[in-house]
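Step one of this worksheet: look at the structure below.
The values are calculated or read from the model by the stated rules, or taken from the named source; none is laboratory data. Treat the numbers as computed from the prediction; the structure is a model and nothing was measured. Positions of Cβ are generated from backbone atoms using ideal geometry, with glycine treated the same way; all protein chains shown enter the neighbour counts. Accessible surface areas use protein heavy atoms only, side chains included; no ligands, DNA or RNA. Shrake-Rupley method; radii C 1.70, N 1.55, O 1.52, S 1.80 Å.
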Amino acid sequence: MPGSVSHHVSRVRTLYKKILQLHRALPLELKALGDQYVKDEFRRHKSVRPEEAQKFLQEWENYAAMLWEQAGQHAQNSSGQPRFGFHLSEEKLHALRDEQVGQLKELMDEATKPKRQFDILDDKEDKT
């Protein structure tokens with residue numbers, strides 16, 4: 001089955017590039033965070049069992065479809081703050097392994113950090 005291996009590799013590469021391309025629609029802070037997370041996750045899943053690989057790809061394909069839809073909605077309705085993502089159901093949360101829950105928590109903490117690197121000092125402050 002050499003053809004199926006090359007098809008799988010091609011599918012993974014195409015999806016990976018598509019996600020990074022879709023991240024261009026995100027606010028800068030989320031793009032940087034998302035790009036790094038995608039790179040880490042795809043590296044982490046390079047040598048998983050075929051069943052796990054299928055589940056992994058399906059979830060990332062769902063993510064890409066959702067992000068494409070939300071980016072399109074934002075482009076059409078560009079007034080206000082863009083909203084990306086969705087809430088996880090109790091069922092999906094309970095289906096996650098402890099390691100995945102930990103990663104999700106780290107991702108949430110990182111995404112909700114204050115954006116200190118973009119703070120600008122007021123010109124009226126002390127200039128002595």
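Report, by residue number, each residue of region 64-123 that is at pLDDT 80 or above and either among the hydroxyl-bearing types (Ser, Thr, Tyr) or assigned to a loop (DSSP other than H, G, I, E, B) (or both). Once the filter is applied, which keeps residues that are at pLDDT 80 or above and either among the hydroxyl-bearing types (Ser, Thr, Tyr) or assigned to a loop (DSSP other than H, G, I, E, B) (or both), region 64-123 yields Ser89, Leu96, Arg97.
Within region 34-58, the residues that satisfy the criterion of being assigned to a helix (DSSP H, G or I) and open to solvent by less than 40 Å² (accessible area, probe 1.4 Å) are Gly34, Asp35, Val38, Glu41, Phe42, Ala53, Phe56, Leu57.
Is region 22-33 home to any residue that is under 24 Å from Gln100 (Cα atoms), free of Cβ contacts under 8 Å to residues at least 12 places away in the same chain and either among the polar types (S, T, N, Q) or open to solvent by less than 40 Å² (accessible area, probe 1.4 Å) (or both)? So that I can check it myself, show each step before the final result.
Applying the first criterion (under 24 Å from Gln100 (Cα atoms)) to region 22-33 yields 22-23, 26, 29-33.
After this cut, where a residue has to be free of Cβ contacts under 8 Å to residues at least 12 places away in the same chain as well, the list is 31-32.
If we keep only those that are either among the polar types (S, T, N, Q) or open to solvent by less than 40 Å² (accessible area, probe 1.4 Å) (or both) as well, we get none.
Scanning region 22-33, I find no residue that is under 24 Å from Gln100 (Cα atoms), free of Cβ contacts under 8 Å to residues at least 12 places away in the same chain and either among the polar types (S, T, N, Q) or open to solvent by less than 40 Å² (accessible area, probe 1.4 Å) (or both), so the answer is no.
Residues in region 34-69 that are farther than 22 Å from Leu96 by Cβ and touching a helix residue (DSSP H, G or I) at 6+ places or on another chain (Cβ under 9 Å): how many? The total comes to 2.
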